[in-house]
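Below is one structure, written out as structure tokens, with a few remarks after it.
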Amino acid sequence: MDQLKMIGRELAMGSQGGFGQSKEFLDLIKSIGETRSKAEEDRIVLREIETLKTRLGNPNTPKFKLKEYLVRLLYVEMLGHDASFGYIYAVKMTHDENLLFKRTGYLAVTLFLNEDHDLIILIVNTIQKDLRSDNYLVVCAALNAACRLINEETIPAVLPQVVELLGHHKEAVRKKAVMALYRFHQRAPGSVSHLVSNFRKRLCDNDPGVMGATLCPLFDLITIDVNSYKDLVISFVNILKQVAERRLPRSYDYRHMPAPFIQIKLLKILGLLGNGDKKASEHMYTIVGDIMRKFDSTSNIGNAVLYECICCVSSIHPNPKLLETAADAISKFLKSDSHNLRYLGIDALGRLTKINPEIAEQHQLAVIDCLEDLDDTLKRKTFELLYKMTKSSNVEVIVNCMVDYMININDNHFKTEIASRCVELAEQFAPSNQWFIQTMNKVFEHAGDLVNAKVAHNLMRLIAEGFGEDDNIVDSQLRSSAVESYTRIIGEPILPSAFLQVICWVLGEYGTADGKYSASYISGKLCDVAEALSTDEIVKAYAVTALGKIYSFEIAAGRKVNLLPECESLIEELLASHSTDLQQRAYELRALIGLDAHVVANLMPMDASCEDIEIDKGLSFLDGYIQQAIENGAQPYVSESERLGMSNISNFKSQEQHEFLTHSLRFEAYELPKPSMTPQVPPVLASPTELFPVSVPYYHTEVNYSTTPVPSISSAGSSELQLRLDGVQKKWGHPSYFSPTSSTLNSDAAKIQNGSTKPDSVGSANSEARHVSYDSRKPQVEISPEKQKLAASLFGGASKSDRRQSSSSQKVPKNNSHAAYKSHVEKTATSDTGAQKTSQPPSDLLDLGETTGTSILPSLDPFKQLEGVLDQTQDPTSLNTGGFSGTDAPDIMSLYVDTSLRDQGNSTANLLSTVNDSSSLLSGFSDATNRTGHGGNTVAQLTQKLSEGPNHKDSLEKDATVRQMGVTPSGQNPNLFKDLLG
Amino acid sequence: MGIRFILMVNKQGQTRLAQYYEYLTLEERRALEGEIVRKCLARNEQQCSFVEHRNYKIVYRRYASLFFLVGVDNEENELAILEFIHLLVETMDRHFGNVCELDIMFHLEKAHFMLEEMVMNGCIVETSKANILSPIQLMDKAS
């Protein structure tokens, strides 16, 4: 061993100087290099860890050895093993005087630690010291580390020095100081906001390296706030000009291009600054045009700059000449053999089609080629392009392509992405109900568990709501087709849970609605689902609730219900389920079946999942009952705040007791209230002793008290007695209860959606000519008719397919296609509404699917605004009642503790009326309950009026609650309505 | 932040250099490296040098037995990154002279120093080979 060390030292002193390595190190690296398996590598590393543990601890290790150990430690961690035992030695090494050791120490620390590691605090001091060093290389090393390790808390410790270094005489230091400041700005924009102007100053730095680095923070700053940097447009243009004219040192050249990386960054910035700004864009045209003309197509970097030019051109205010040049460049890209260039071409095409949709048509066959390419990256990029150019005329082809692709990929990340895009496109552009349902079925079948749960809720809402207009026939057709396809699909052996939930819900809600299927048929299917999925409780819950709906519709219709034997056994099984939610639902179902038709009809109104519901959270319908109770000598409710206020003025002793009470259970009877407090006790009070035994029946009455709006009456004594009720009201007022404030997508909103079908204004003659020229460009390439067909359906759309054929066969006269085009216009025009025009700029004649109603709708949605006012932050997906998610059952249960019969139906309206109903059935008390007992919304509204003086926010909340409905609404698919109706 | 990580991995899938510009735990790095390498190894020469993985775009280039992989976000110009890889290799080549996998292995810290000069905070800050190498040469001389 000693010998080895000797050799190592000798080697270290050898020719390589400080970078010299010991024999041991060389052997280690060699053995790592020669391993052929992961296991072998792991063995070596584990042995190395043991060695390092003993060696690093040795205080007599020479420094150059220590540096080598640190590098070995880097290997340990790079190869995937924990090297935390050695971190402290890396920290120690940063203190070293020797630059190489110091820098290695900093390197190791930046590689090992993240900015929140405990050891960072030990390094901050060193960084501070090194930033002051005379040796600029030490300063650079410290700045490197500062860039990685300084977190929000430690920024102030180094910030003054970093700012000072911005004016350092060495350009390398200035450059790194700029980057450190940039990093601080990313971490904590607030702490350096006053220093942002330094970036502007550094842009004018004499050194191109510093200027180039400054572009990074400026890019970020401009992304955040374009308008503050408009004054720099001319500077950027000038810099770009100078770079393009080769004014920079030759050392920045790469492949004979002058500083291409700086050019690219500048073009990115110009793209941001010129976006939607004609005046700023005009400054850029010349220089961008120059660069595009001069570009070098033989090198990758030349094409990279060209591509960036196209991006810039497509982002700034359009200039016809530049667009033409860009289009030419794109066609060169697309015709290239290099996949990389074709990839860029497709991407650039996607950018340019936003401005000029015709461009995509010129390259349709190239696009189809890319779509059919085996290269997954290229394919995916092409799908992105197709996604951007989807319109109602080609949505079927595109979505079908996407679904086919989705089915065949394994990567969940992309499956999810493509699935949600399919859903989005289908919702926006669906040409028919059937197609929409079928597409959704396919998406759900293959990616059901990957898509956002919201998508499932959207689908349910869509089926439930229909399309927001009065056309009931269309709605019921949609439902019928949904039910029909679901009864078919439900037999499939494996379906994703989310899809089954949708199926169960739809079958429950509409399975028997059109009379095509009998209740026993549907319920049989539902039982099958519940039984087949013994582990999936959510689906089971959906199925049971759906069964409940089916049977209640039957009962309400006056038909006699015969439970299927399998249904009986399912209920039996669930009554003993471990899941309280399932148990609850099973009990409810059983109770529901036992009720008479009139009650059931109120509990489970047909097709009422979208009805507005009013929730009387003040429980004012109990007022009468409470009044009665008070008259009979019960104590009125005292709100918590007042009780607390009371205890403050009450004497010290009772306060002590109060505290004592809150801390432990109390077993003896409560004390009598102090005589001193009696003046505060209102005269209606009966003897408080009545309340001492806290038993279940009293609990009920107290629940009612808690809702009594008589806050002025209070007593300290009762505050103690009613301790148990603390938080009852509060609990009821819990956000999760009030969460169903999200909105129904009302017809108003639905009317504002923008149109999806705008006529294509491409002249047929024009395109014919282009088509010919395309053919002439590639005369030798034989294009299969299949491809042409695909291209035609993708790019031409339904209305243009005639034209496509005419141009290829050259026989059909022009007016023919013109007529087709016209008819398309008429067709689409009828589906347009006036509102559409406001939301879509008239200049955008060529519908390219990019402008959708989604961005417009939310701003107009009054409920969204309402939600904003209420400042409620719940997740809309959790808004549903039991019918949709079994998980919020506990909430509701806490609401209606004394209600053994609870409706898990589709809406809170049902819930409310169930409670009222059941309470009147069970205990038959109070006229108030009777009033609301058979209540639909009107009764709830009435009772609401009875509740006294709600504050502003309360009333808003209530208003929002009114919008609550069974399915989560969101304004994501406005166009569907239009398309389906049109 | 454009560049999220830079990896050098040989064709056996062994990591030779790893620099992350955002924090990932050891396990996350291990998993990520494995997945990416498998993906890139499965591709042929004609296919794009870009692969999408999770929310990264990976730009990769192969030199003999060594893959250079750069993970970038969506904003980045892929072709420019591809050329950046080449610039990195050229720079190393200038320093080591005919750089090979073993050079990087034996001088891991130097390779890192070069990267530190070229990329800071996920941005390309220096592309002049002379500027990149001068601090390293100075350090060599000093020690």
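Residues of the stretch A:225-240 that are free of Cβ contacts under 8 Å to residues at least 24 places away in the same chain and closer than 16 Å to residue A:282 by Cβ: A:231, A:238. Taken as a whole, the condition of being among the small types (Gly, Ala, Ser), surrounded by fewer than 23 Cβ atoms within 10 Å (Cβ to Cβ) and under 29 Å from residue A:138 (Cα atoms) applies to residue A:188. Just one residue in the set A:115, A:48, A:68 is more than 11 Å from chain B (Cβ to nearest Cβ), touching a helix residue (DSSP H, G or I) at 6+ places or on another chain (Cβ under 9 Å) and acidic (Asp, Glu); that residue is A:48. Any residue at all in the stretch A:494-504 that is within 32 Å of the chain's Cα centre (by Cα), open to solvent by 30 Å² or more (accessible area, probe 1.4 Å) and of a type in the set (A, V, I, L, M, F, W, C)? Yes, there is a match, as at least one residue in the stretch A:494-504 is within 32 Å of the chain's Cα centre (by Cα), open to solvent by 30 Å² or more (accessible area, probe 1.4 Å) and of a type in the set (A, V, I, L, M, F, W, C).
The helices (runs of 4 or more DSSP H) located wholly in the stretch A:466-542 that include 3 or more residues which are of a type outside the set (S, T, N, Q), out of contact with any Gly (no Cβ under 8 Å at 6 or more places or on another chain) and closer than 18 Å to residue A:585 by Cβ occupy A:497-510, A:519-532.
Yes or no, residue by residue, for (1) more than 14 Å from chain B (Cβ to nearest Cβ); (2) closer than 21 Å to residue A:274 by Cβ; (3) in a loop (DSSP other than H, G, I, E, B):
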| position | (1), (2), (3) |
| --- | --- |
| A:179 | no, no, no |
| A:186 | no, no, no |
| A:194 | yes, no, no |
| A:210 | no, no, no |
| A:221 | no, yes, no |
| A:232 | yes, yes, no |
| A:235 | yes, yes, no |
| A:238 | yes, yes, no |
| A:241 | yes, yes, no |
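Can you work out which of the residues in the stretch B:68-89 that are more than 8 Å from chain A (Cβ to nearest Cβ) and touching a Leu at 6+ places or on another chain (Cβ under 8 Å) is nearest to residue A:255 (Cα to Cα)? Selected residue: B:88.
For residue B:60, the requirement of being more than 10 Å from every other protein chain (Cβ to nearest Cβ) and of a type in the set (Phe, Trp, Tyr) is met.
Selection within the stretch A:30-43: residues that are assigned to a helix (DSSP H, G or I) and open to solvent by less than 20 Å² (accessible area, probe 1.4 Å). The member of this set that is nearest to residue A:80 (Cα to Cα) is A:41. Just so you know, in the stretch A:537-563 the residues that are in contact with an Asp or Glu (Cβ under 8 Å, 6 or more places away or on another chain) and open to solvent by less than 10 Å² (accessible area, probe 1.4 Å) include one that is farthest from residue A:457 (Cα to Cα), and it is A:548. Return the total of residues in the stretch A:73-102 being in contact (Cβ under 8 Å) with a residue 40 or more places away in the chain and closer than 20 Å to residue A:119 by Cα. Number of matching residues: 1. Checked against (1) within 11 Å of another protein chain (Cβ to nearest Cβ); (2) on the phi > 0 side of the Ramachandran plot; (3) open to solvent by 30 Å² or more (accessible area, probe 1.4 Å), residue A:249 passes all but a single condition, namely (2). Note on the stretch A:299-322: residues that are out of contact with any Lys or Arg (no Cβ under 9 Å at 6 or more places or on another chain) and surrounded by fewer than 24 Cβ atoms within 10 Å (Cβ to Cβ) amount to 5.
Remark: pairs (first residue in the stretch B:67-85, touching a residue at least 60 places away in the same chain (Cβ under 8 Å) and assigned to a helix (DSSP H, G or I); second residue open to solvent by less than 10 Å² (accessible area, probe 1.4 Å) and not acidic (Asp, Glu); Cβ separation under 7 Å; 6+ apart in sequence or on different chains) = B:81/B:59; B:81/B:70; B:81/B:72. The set of residues in the stretch B:67-97 that are open to solvent by 30 Å² or more (accessible area, probe 1.4 Å), over 23 Å from residue B:53 (Cβ atoms) and of a type outside the set (Asp, Glu) comprises B:94, B:95, B:96, B:97. Residue A:340 meets each of the listed conditions (1) closer than 28 Å to residue A:295 by Cα; (2) under 25 Å from the mean Cα position of the chain (by Cα); (3) within 14 Å of chain B (Cβ to nearest Cβ); (4) not aromatic (Phe, Trp, Tyr) apart from (2).
Can you find, within the stretch A:158-177, the residue that is most open to solvent (accessible area, probe 1.4 Å) among those that are assigned to a loop (DSSP other than H, G, I, E, B) and more than 11 Å from chain B (Cβ to nearest Cβ)? Working first, answer last.
Start the filter on the stretch A:158-177 by keeping residues that are assigned to a loop (DSSP other than H, G, I, E, B), which leaves A:166-170.
Now drop any that are not more than 11 Å from chain B (Cβ to nearest Cβ), which leaves A:166-169.
Numbers: A:166: 7, A:167: 58, A:168: 33, A:169: 145 Å².
Step by step, filter the stretch A:158-177, then rank; the result is A:169.
Residues of the stretch B:1-32 that are among the charged types (D, E, K, R) and surrounded by fewer than 22 Cβ atoms within 10 Å (Cβ to Cβ): B:4, B:11, B:22, B:27, B:28, B:29, B:30. Is the stretch A:515-536 home to any residue that is surrounded by 21 or more Cβ atoms within 10 Å (Cβ to Cβ), over 26 Å from residue A:558 (Cα atoms) and in contact with a Leu (Cβ under 8 Å, 6 or more places away or on another chain)? Checked the stretch A:515-536: at least one residue is surrounded by 21 or more Cβ atoms within 10 Å (Cβ to Cβ), over 26 Å from residue A:558 (Cα atoms) and in contact with a Leu (Cβ under 8 Å, 6 or more places away or on another chain).
Going by what's in this entry, would residue B:128 be described as within 7 Å of another protein chain (Cβ to nearest Cβ) and either buried (at least 21 other Cβ atoms within 10 Å of the Cβ) or of a type outside the set (S, T, N, Q) (or both)?
Values: within 7 Å of another protein chain (Cβ to nearest Cβ): yes; either buried (at least 21 other Cβ atoms within 10 Å of the Cβ) or of a type outside the set (S, T, N, Q) (or both): yes.
When the stated conditions are applied, residue B:128 passes them.
Evaluating residue B:50 against the criteria (1) within 28 Å of residue A:143 (Cα to Cα); (2) surrounded by 17 or more Cβ atoms within 10 Å (Cβ to Cβ); (3) aromatic (Phe, Trp, Tyr); (4) facing another protein chain (nearest Cβ under 7 Å) leaves one unmet condition, (1).
The values are calculated or read from the model by the stated rules, or taken from the named source; none is laboratory data. Only a predicted model underlies this, so the values are computations on that prediction, with no experimental measurement involved. Positions of Cβ are generated from backbone atoms using ideal geometry, with glycine treated the same way; all protein chains shown enter the neighbour counts. The area values use the complete protein model at the heavy-atom level, side chains included, leaving out ligands, DNA and RNA. Shrake-Rupley method; radii C 1.70, N 1.55, O 1.52, S 1.80 Å.
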